[in-house]
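Here is the structure we will look at, set down as structure tokens.
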Amino acid sequence: MVICDRPIDDFVPLFRQSDSPDVITQWDGKACGNVGLMKMDFLGLSTLTILQRARDLVKERTGTDIDPESLTLDDQDVFDIFRRGATYGIFQFDGEGMQNAVMQIKPTRIEDLIAANAMYRPGPMELIPTYASRKHGKESVPSIHPLVDDLLAETFGIMIYQEQIMQVLNRLGKLPLHKALSLIKAISKKDKKAIEIGLVEFRDGAVGNGIEPANAEKLSALILKFSEYGFNKAHSTRYAIVAYQQAFFKVHYPREFFAATLTFEREDREKFVRCLADARKIGIIVASPDVNTCTSDFVVDGEQVRFGLSAVKGVGEKAVEAIAKARKDEGKFKDLWHFCRAVDLRAVNKTTIEALVKCGAFDSISGGGPELRSAMIIGAEKAISAGQKHSSERRCGQSVLFEQGSDTGEETARLPDVPPWSRDEMLVHEKETLGFYVSSHPLEYVKNIADGLNWPPRFTLAQLPKQEEGTPVACCCMLAQIRPMMTKRGKSAGKKLAALNLEDLSGKCEAMLFAETFEKYAPLVKADSIVFITGRVSRRDDRVGINIDTVETLDEAIVRATTRLVVRCKGHSADAAWLGNMRKILERNPGNCEVVISISPTEQSRTVVRIKTNRKLSVSPTRALLDEIGQLAGHDNALPVAGDFVVQKVSKPRYNAGSAGRGNGTN
């Protein structure tokens with residue numbers, strides 16, 4: 001922003017952009033400064049809006065107004081999430097590189113966050129290990145000079161900030177602070193003439209302070225080195241405090257933190273998916289919207305976070321306002337009929353109501369939860385007709401006694417008797433209306449399979465940026481988005497290829513199917529399909545993705561890749577009946593794949609008994625077999641394993657003479 005005390009066009013020509021009401025100068029910033037205009041930069045940080053939203057949600061739920069500016073900056077629970085690198089969603093600290101940096105530093109005070117902010121840039125990054133080693137006493141802090149050691153004590157003898165360097169120049173070389181600032185700016189701009197003049201003046205002043213000329217020369221070189229990337233401490237401090245404030249809400253009010261963050265990340269699919277995964281990682285349920293509790297934005301509803309109504313496709317702001325007004329006037333909605341009588345159906349039409357049903361916004365009032373979504377879709381038209389009739393009669397001033405049985409039970413009974421949607425159908429409708437899978441994720445139901453087959457190497461898509469170029473990848477994932485393209489040149493010119501967005505439960509990444517591979521696997525490349533892919537890590541222009549070599553259906557991958565089938569028996573004894581039923585299942589599916597049954601009698605016990613079955617009980621691994629075993633042992637406990645299976649060593653259990661397992665190959 002340019003500021004002056006008279007009409008600005010007295011000083012500088014102006015221009016109004018065609019696509020914006022803003023007026024801008026026709027001179028660049030440097031020219032405006034040269035003619036004496038004041039220039040100020042204002043950063044519009046969405047982080048501040050997120051903080052305010054979290055604060056409002058806390059006050060709404062608890063009655064306590066937590067002013068971020070009044071927080072003490074010494075909460076070790078807050079610093080602990082930095083030490084653990086659990087900083088997704090925290091301003092300036094949510095990138096993987098910064099997470100690694102603070103995990104090295106292990107901050108215990110706000111000064112450590114300020115230093116991390118200042119050092120995490122090209123150049124000073126190399127100082128991070130030194131800072132961490134000195135902080136933790138692994139390396140001694142050297143003396144620069146007795147006159148300035150106190151200035152550098154906070155940063156363990158490292159000149160990190162411009163303010164420190166200015167004070168060093170002032171104390172050691174007797175440079176006035178304004179000249180010290182000019183020298184720092186000259187160094188950053190590589191103005192050789194100004195640098196030489198400033199350093200000569202510094203060395204003369206240092207000698208005048210009783211410093212030997214040789215030492216003055218060394219100090220001059222040291223200052224020159226650090227000045228090249230010295231960072232403004234005031235800037236870094238404010239950023240660190242904002243990060244600390246966000247972290248405070250994430251630690252102490254996580255539901256409010258995630259409700260606020262999700263509200264402002266919903267337009268960025270990649271960030272939104274990461275935020276959802278981060279919330280679920282710490283046990284926070286992010287649920288569908290609810291017409292009885294939700295507003296436009298994400299809200300905290302009891303122990304869970306709910307989508308905002310405006311996040312539902314087909315539900316505009318006018319519809320949200322109409323729902324909120326009806327709820328205020330008539331109280332919570334009892335059922336679909338009550339809803340259609342209460343709301344303004346000119347703002348909330350049939351398409352809106354169907355979208356709300358599909359995403360689960362009526363689950364809490366339908367009397368049957370998600371199982372009645374299919375019935376509500378079919379019954380919506382009658383409910384809307386009844387609501388329109390009621391509105392018409394009310395506008396005509398008629399006093400109507402509504403149907404005798406208008407309580408929730410009888411109203412809900414009007415819903416047609418139709419089969420509920422399958423799990424997959426419900427998830428498809430949630431994705432259609434919200435853009436995301438909410439109540440679950442299709443990959444949740446094959447997590448045990450994915451965990452077993454993702455080997456080698458075993459890492460999630462969220463961990464992909466840590467991998468080197470060319471690292472082999474084999475993973476179970478969903479094809480979240482497919483963008484067919486045409487090869488423009490080379491031997492494959494004119495052939496189709498595809499850019500994909502892959503998704504697993506941890507996050508997402510980009511991938512490429514080049515022409516020959518795409519042609520081979522095109523029938524399997526369908527949106528929202530779950531596949532098993534192999535390929536290699538690709539890095540280009542700071543973007544990390546996968547170049548895909550093969551694509552398989554999950555069923556094909558299970559048959560091809562499984563070398564061992566592990567059945568886990570948890571929390572109860574594998575009694576004779578259980579073992580007998582398991583044996584029957586295995587005998588019905590003969591093959592060459594070895595089976596291992598792992599028994600963990602109690603949660604507290606670290607003893608794991610592995611019973612290696614004989615060859616007669618080797619099986620042919622299929623999805624149907626895994627489902628059958630899952631019905632007996634629990635679906636999470638049927639685990640196909642690809643490649644080498646390594647079992648952590650545990651203490652051997654002791655058996656009494658004559659116990660089951662003696663001499664039968666039990667390990």
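The values are calculated or read from the model by the stated rules, or taken from the named source; none is laboratory data. This is a predicted model, so every value here is computed, not measured. Using ideal geometry, Cβ is built from the backbone for each residue, glycine included, and neighbour counts are taken over all protein chains shown. When the accessible area is computed, the model is the full protein with side chains, heavy atoms only, and any ligands, DNA or RNA have been set aside. Shrake-Rupley method; radii C 1.70, N 1.55, O 1.52, S 1.80 Å.
Kirkwood Rh over alpha-carbon pairs of the range 174-318, then Stokes-Einstein at 25 °C and 0.890 mPa s: what D in µm² s⁻¹, rounded to an integer? Spell out each step's value before the answer.
Details: Rh = 19.8 Å.
For these conditions, the coefficient is 124 µm²/s.
Rounded if a/c is under 1.5, else prolate if a/b is larger than b/c, else oblate: which is the range 1-134, with a ≥ b ≥ c the root eigenvalues of its Cα gyration tensor?
oblate
Between 0 and 90 degrees, rounded to the nearest ten: what's the tilt of helix 233-252 against the longest Cα principal axis of the chain?
20 degrees
How many percent of DSSP beta bridges within the chain run antiparallel, rounded to 5?
Bridges in the chain that DSSP calls antiparallel: roughly 80 percent.
What shape does the range 254-311 take by its C-alpha gyration tensor, where a ≥ b ≥ c are the square roots of the eigenvalues and a/c under 1.5 counts as rounded, a/b above b/c as prolate, and the rest as oblate? Kindly include the intermediate steps, with their values, before the conclusion.
Details: a/c = 2.00, a/b = 1.19, b/c = 1.68.
Oblate.
Sorted from largest down, what three extents in whole angstroms do the Cα atoms of the range 74-228 have along their principal axes?
49, 31, 23
Determine the relative contact order of the chain: mean sequence separation of Cα pairs under 8 Å and six or more apart, normalised by residue count, in whole percent.
On the way: 1031 pairs, mean separation 47.0, N = 667.
Worked out over the chain, it gives 7 percent.
Using a ≥ b ≥ c from the Cα gyration tensor of the range 445-508 (square roots of the eigenvalues), is it rounded, prolate or oblate, where a/c under 1.5 gives rounded and otherwise the larger of a/b and b/c decides, a/b for prolate?
Numbers: a/c = 2.58, a/b = 1.84, b/c = 1.40.
Judged from the Cα gyration tensor, the range 445-508 comes out prolate (a/c at least 1.5, a/b above b/c).
Run the quick spin-label model on Glu371 and Asp22: label points 7 Å from Cα toward the beta carbon, then report their separation in nm to one decimal.
In this crude spin-label approximation the distance works out to 5.6 nm.
Which one of Gly63, Leu502, Trp578 is farthest out on the positive end of the charge dipole of the chain, using unit charges on Cβ (Lys, Arg +1; Asp, Glu -1) and the Cα centre as origin?
Of Gly63, Leu502, Trp578, it is Trp578.
What is the percent carbon and sulfur in the accessible area of the chain, measuring with a 1.4 Å probe over the protein chains and ignoring ligands?
Values: 17750 of 34930 Å².
Carbon and sulfur together cover 51 percent of it.
Evaluate the charge dipole of the range 310-380 about its Cα centre and quote only its size in Debye, nearest 20, assuming +1 on the Cβ of each Lys and Arg and -1 on the Cβ of each Asp and Glu.
Details: 12 positive and 9 negative charges, 22 e Å.
Charge dipole of the range 310-380: 100 debye, to the nearest 20.
Determine the per residue accessible area of the chain with all protein chains present and a 1.4 angstrom probe, expressed in square angstrom. Mind showing how you got there, number by number?
On the way: 34930 Å² over 667 residues.
That works out to 52 Å² per residue.
For the chain, find the longest principal axis of its Cα atoms and tell me its angle to the long axis of helix 192-208, 0 to 90°, nearest 10.
The two axes meet at around 70 degrees.
Given +1 on the Cβ of Lys and Arg, -1 on the Cβ of Asp and Glu, and no further charges, what dipole in debye does the range 439-500 carry about its Cα centre, rounded to the nearest 20? Don't skip to the answer; put the middle values down first.
Details: 9 positive and 4 negative charges, 111 e Å.
It works out to roughly 540 debye.
When ranked by the protection proxy of mean other Cβ atoms within 10 Å per residue, highest first, what sequence do the peptides 478-488, 243-253 form? Mind dumping the intermediate values first?
On the way: 478-488: 14.6, 243-253: 22.8.
By packing density, highest mean first, the sequence is 243-253, 478-488.
Can you give me the convex hull volume of the Cα atoms of the chain, divided per residue and expressed in Å³? It would help to have the intermediate numbers written out before the result.
Details: hull volume 186.5 nm³, N = 667.
Per-residue hull volume (Cα only) is 280 Å³.
Can you list the residues, at least 5 places off or on another chain, whose amide H is less than 5 Å from the amide H of Ile597, using H built in the peptide plane?
Val567, Ile611, Thr613
Cα centroid distance between the range 477-492 and the range 512-568, in Å?
The range 477-492 and the range 512-568 have Cα centres separated by 14 Å.
In whole Hz, with x marking every Gly and Pro, tabulate ³J(HN,Hα) for the range 500-514 from phi via Karplus 6.51 cos²θ - 1.76 cosθ + 1.60, θ = phi - 60°.
Working through the residues one at a time gives 10, 10, 9, 9, 10, 6, 9, x, 9, 7, 8, 8, 10, 10, 6 Hz.
Would you mind checking Lys59/Lys281; Lys106/Lys135; Lys106/Lys271 for any pair whose Cα atoms are more than 19 angstrom apart? Please report the intermediate quantities before stating the final value.
Numbers: Lys59/Lys281 25 Å; Lys106/Lys135 9 Å; Lys106/Lys271 26 Å.
Listed pairs above 19 Å: Lys59/Lys281; Lys106/Lys271.
Just to confirm my numbers, what's the Cα centroid distance between the range 253-321 and the range 341-395 in Å?
Spelled out, the Cα-based centre of one part sits 22 Å from the other.
Limiting things to C-alpha atoms, what are the Rg and the maximum Cα-Cα separation (Dmax) for the range 286-327, in angstroms?
9.6, 28
What does the charge dipole of the chain about its Cα centre add up to, to the nearest 20 debye, if the Cβ of each Lys and Arg holds +1 and the Cβ of each Asp and Glu holds -1? Intermediate values should be presented prior to the final figure.
Working: 90 positive and 87 negative charges, 406 e Å.
About 1960 debye.
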